[in-house]
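J.: I'd like to ask some things about the structure below.
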Amino acid sequence: MVRRCTSCQEEAKNPAKVPLQQSPSPTRVWQRVHIDFVGPLQGVHYLVVVDAFSKWPEMIDMSTISATKTVKALKSLFARYGLPQTIVSDNGTQFTSEQFKEMCNKGGIVHIKTAPYHPQSNGQAERFVDALKRGVPDNAQPDSE
């Protein structure tokens with residue numbers, strides 16, 4: 001019915017078609033990482049970081065998803081693995097903040113922001129987030145010991 005309704009089609013959200021740009025495949029571990037937030041899952045938000053070369057995911061339990069906490073969590077991760085050459089993220093306020101820009105500038109990190117309303121542009125992180133959401137039921141309770 002909606003497909004045949006002209007006024008429904010005119011009012012429907014129609015995100016802009018943005019051509020995907022193919023990123024060159026990374027040639028080494030930690031060259032390009034994809035980041036995103038997931039949650040709340042069982043009441044907790046997580047920062048997801050996926051290495052584009054190895055597909056290795058890291059999940060960081062976040063008490064708050066502010067720019068300050070995001071930068072702090074990433075700096076801790078970078079202290080373990082080194083600085084990535086490139087970070088790919090959506091346009092979340094944590095990733096477009098001055099603090100995040102400063103962290104990238106100081107580290108010589110290229111920050112690629114995906115097209116708005118086009119999560120496929122950040123496929124590495126989005127695929128992991130989707131798999132995680134499918135694996136954790138909404139009503140699951142955290143283990144209590």
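Only the coordinates and a few stated rules stand behind these numbers; no lab work does. Fair warning: this is a prediction, and the values are worked out from it, not measured in the lab. With ideal geometry, Cβ positions are generated from the backbone for all residues, glycine too; neighbour counts draw on all protein chains shown.
J.: Calculated FRET efficiency, Gln31 and Lys106, Cβ-Cβ r, R0 22 Å, to nearest 0.05?
T.: The value I calculate is 0.75.
J.: Related question: Would you mind counting up the charge near Pro84? Only other residues with Cβ under 11 Å from its Cβ, with Lys and Arg at +1 and Asp and Glu at -1.
T.: Taking every Cβ under 11 Å from that of Pro84, the sum is +1.
J.: So, one more: In whole Å, how far is the Cα centre of the stretch 79-113 from that of the stretch 40-55?
T.: With the stretch 79-113 and the stretch 40-55 each reduced to a Cα centre, they are spaced 16 Å.
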